[in-house]
Amino acid sequence: MTRLAVILGDQLSLDIGALQAIDPARDVVLMMEVMDEATYVAHHKQKIVLILSGMRHFAEELRAAGYTVDYVRLDDAANSGSFSGEIERAVKRHRAAGIVVTHPGEHRVLADLHALASEMDLSVEWVEDTRFFSTPSQFAAWAAPRRELRMEFFYRQMRAATGLLMDGAKPAGGQWNFDAANRKAWPRHRAVPERRRFPPDAITQSVIDLVERRFPHHFGTLDGFGWAVTHADAERALEDFIAHHLPCFGDYQDAMRAGAPFLHHGLISPYLNIGLLDPRRACALAERAYRQGVAPINAVEGFIRQILGWREYVRGVYWHLMPGYAEGNALGADQKLPAFYWDGETDMACVRDVIGTIRRHGYAHHIQRLMVTGNLALLWGVRPAEIEAWYLAVFVDAFDWVELPNTHGMAIHADGGVMASKPYAASGAYIDRMSNYCRGCRYDPSQRHGKDACPMTLLYWDFLDRHETRFAAHPRMKLVMDALARLPSDVRQAIRAEAAALRRAGTDRSAGDPSAALF
Ligand code: FAD
Ligand code: DLZ
Ligand code: SF4
């Protein structure tokens with residue numbers, strides 16, 4: 001009897017486990033465009049276009065490869081709107097003996113599919129997602145004896161296990177990590193490189209029309225949509241990055257520049273996350289560039305660490321600690337998300353630029369996510385669930401397994417130190433050092449309080465003040481906690497009062513918040 005291979009919108013790879021487990025001559029591939037997935041958070045319009053157009057192109061590729069594909073479109077009259085509803089209908093339609101599912105990337109979807117299987121008494125074959133270098137059970141084995149789950153040690157083990165960037169048993173270049181060389185600011189007169197983008201074809205254009213029609217109030221613009229939606233274009237994007245940007249990737253990895261969102265970053269996370277690019281291929285091409293002398297070790301090691309280290313590590317943390325992980329709120333953050341996270345209307349030049357970039361591209365690079373929007377949410381004390389839903393909604397590459405640990409653990413320290421031993425809290429001085437934002441801002445990054453005080457700096461000192469008891473004895477925070485203790489009490493009072501006023505001003509405005517209904 002027929003079996004259905006379920007292919008979800010972030011599983012668009014010919015090598016995906018479920019396809020390997022079926023007989024193309026007898027079985028059917030099921031792909032479903034459903035309302036629930038577009039609206040469980042109000043995703044950026046470009047994210048919905050990326051996924052639906054990617055799915056439609058992949059269905060064509062599957063048919064060309066000899067698979068029978070049952071493809072449910074969003075506008076199909078009988079579409080039930082959910083994965084469960086569509087699987088139930090398809091099982092009946094094909095009188096299927098069961099389904100084959102590659103382990104989904106989100107706990108939410110896994111739980112729904114388990115519930116459906118038991119309600120329908122449906123036979124499900126679960127298949128490992130082999131697009132990663134490691135499995136959740138390998139991570140669990142690594143984590144089990146450890147009190148602290150530090151990425152660096154996991155990463156070294158991954159380097160040794162894969163042989164990537166290794167000279168025998170030693171790390172290439174003589175060091176595991178070249179991060180110290182990767183903190184240059186963007187030089188004032190350095191030209192900003194052009195980046196390759198991919199104009200929409202007819203399929204993408206029809207999805208753009210659909211998304212404008214069905215999701216007009218979602219965040220973001222579709223003007224200038226330029227993401228690749230096929231394997232061939234994603235490969236071109238990767239090759240373009242390796243040839244023209246990898247050599248400088250390390251040097252400017254942490255740099256930020258107003259109006260220049262991409263610099264020398266990879267711009268490949270959406271493709272890796274939905275199956276259009278293979279992380280093994282990305283790492284192999286990067287290593288080849290190093291071995292051929294085309295790219296320096298600090299760039300190549302930095303890039304490989306992001307994929308082999310961070311990306312694998314956050315996925316490991318997610319599956320190791322979910323579902324409980326999302327519930328933590330170690331710093332007792334209880335504030336509403338400020339309205340300017342949605343409309344960008346703020347005098348803070350750094351925040352305005354980053355929100356504008358996200359609106360235009362569904363993208364911001366790592367330091368913008370961590371040290372601008374993430375740092376501000378940490379200092380402001382935004383409730384974890386609200387800031388996490390925001391990150392999940394506004395980035396084209398956002399999926400719970402990668403977004404949640406990065407936000408909950410790295411950016412807002414809501415896990416109390418599982419991922420990072422201390423919070424990534426910074427004042428305006430850090431942003432001033434790593435960008436040209438402050439030169440175009442009405443605030444002064446060096447002022448802690450008063451009418452010109454930079455909100456990042458004001459909130460930074462307020463954050464230290466609010467959490468003094470927790471961090472007073474933290475060895476890596478001693479210098480700043482000592483500096484806090486030296487502040488006169490009237491200055492501390494002024495900081496508290498001004499920070500409270502700033503929070504009221506940021507949240508009282510009622511801005512267009514497409515996710516407001518969620519809270
Ligand atoms: P590059 O800087 O060129 O890096 C190369 C690749 O390394 C990326 O494509 C990505 O696949 C991987 N990578 C780098 N850093 C990380 C990381 N910390 N975790 C996992 N993979 C990483 N990444 C997502 O893919 N989806 C998310 O939803 C997401 N949410 C984030 C939320 C916060 C608060 C923070 C601080 C980071 C988040 N990241 C997320 C990680 C990182 O910011 C993006 O992967 C990166 O900016 C993507 O752009 P790029 O392809 O140009 O990356
Ligand atoms: C993000 C997304 C959207 C917007 N739409 C769909 C869809 O219609 N059909 C689909 O299969 N997947 C979609 N996705 C991606 C899913 O949310 C993702 O595959 C699951 O969260 C599992 O990780
Ligand atoms: Fe951002 Fe403060 Fe610099 Fe303005 S002064 S750009 S708010 S860090």
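The values are calculated or read from the model by the stated rules, or taken from the named source; none is laboratory data. Because the structure is a prediction, the values reported are computed rather than measured. Every residue, glycine among them, receives a Cβ derived from its backbone with ideal geometry; neighbour counts consider all protein chains shown.
If you go through region 277-288 one residue at a time, do you hit one that is touching a residue at least 60 places away in the same chain (Cβ under 8 Å), within 16 Å of ligand 3 (Cβ to nearest atom), out of contact with any Cys (no Cβ under 7 Å at 6 or more places or on another chain) and basic (Lys, Arg)? There is no residue in region 277-288 that is touching a residue at least 60 places away in the same chain (Cβ under 8 Å), within 16 Å of ligand 3 (Cβ to nearest atom), out of contact with any Cys (no Cβ under 7 Å at 6 or more places or on another chain) and basic (Lys, Arg).
Every listed requirement among (1) in a loop (DSSP other than H, G, I, E, B); (2) within 14 Å of ligand 3 (Cβ to nearest atom) is met by GLY332 save one, (2).
If I ask for residues that are closer than 15 Å to MET434 by Cβ and either within 16 Å of ligand 1 (Cβ to nearest atom) or touching a Leu at 6+ places or on another chain (Cβ under 6 Å) (or both), which ones from region 344-359 would you list? Passing the criteria: CYS350, VAL351, ASP353, VAL354. Against the criterion of being assigned to a helix (DSSP H, G or I) and crowded, with 22+ Cβ neighbours inside 10 Å, LEU272 qualifies.
Would you mind stating whether ARG305 is among the basic types (Lys, Arg), surrounded by fewer than 20 Cβ atoms within 10 Å (Cβ to Cβ) and part of a helix (DSSP H, G or I)? Considered against the rule, which asks whether it is among the basic types (Lys, Arg), surrounded by fewer than 20 Cβ atoms within 10 Å (Cβ to Cβ) and part of a helix (DSSP H, G or I), ARG305 comes out as no.
Let's see how each residue does on (1) within 16 Å of ligand 2 (Cβ to nearest atom); (2) more than 30 Å from GLN292 (Cβ to Cβ); (3) in a helix (DSSP H, G or I):
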| site | (1), (2), (3) |
| --- | --- |
| ALA191 | no, no, no |
| ARG195 | no, no, no |
| PHE198 | no, no, no |
| LEU222 | yes, yes, no |
| ALA232 | no, no, yes |
| ASP251 | no, no, no |
| ARG257 | no, no, no |
| HIS264 | no, no, no |
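Looking for something assigned to a helix (DSSP H, G or I), at pLDDT below 95, touching a helix residue (DSSP H, G or I) at 6+ places or on another chain (Cβ under 9 Å) and of a type in the set (Gly, Ala, Ser) - is there at least one such residue anywhere in region 492-514? Yes; the residues of region 492-514 include at least one that is assigned to a helix (DSSP H, G or I), at pLDDT below 95, touching a helix residue (DSSP H, G or I) at 6+ places or on another chain (Cβ under 9 Å) and of a type in the set (Gly, Ala, Ser). Check every one of the helices (runs of 4 or more DSSP H) wholly within region 364-469 and list those with 2 or more residues that are within 16 Å of ligand 3 (Cβ to nearest atom) and in contact with a Leu (Cβ under 9 Å, 6 or more places away or on another chain). Those helices (runs of 4 or more DSSP H) span 375-380, 455-466. When restricted to residues that are in contact with a helix residue (DSSP H, G or I) (Cβ under 6 Å, 6 or more places away or on another chain) and not in a loop (DSSP other than H, G, I, E, B), region 74-86 contains 1.
Every condition in (1) charged (D, E, K, R); (2) at pLDDT below 95; (3) surrounded by 14 or more Cβ atoms within 10 Å (Cβ to Cβ) is met by ASP444 except one, and the failing one is (2).
State the number of residues belonging to region 340-363 that are out of contact with any helix residue (DSSP H, G or I) (no Cβ under 6 Å at 6 or more places or on another chain), surrounded by fewer than 22 Cβ atoms within 10 Å (Cβ to Cβ) and not in a helix (DSSP H, G or I). Total satisfying the criteria: 2. The C-beta contact set for region 389-410 (first residue farther than 17 Å from TRP227 by Cβ and free of Cβ contacts under 8 Å to residues at least 24 places away in the same chain, second residue part of a helix (DSSP H, G or I) and acidic (Asp, Glu), distance under 6 angstrom, 6+ apart or interchain) comprises TYR391/GLU403.
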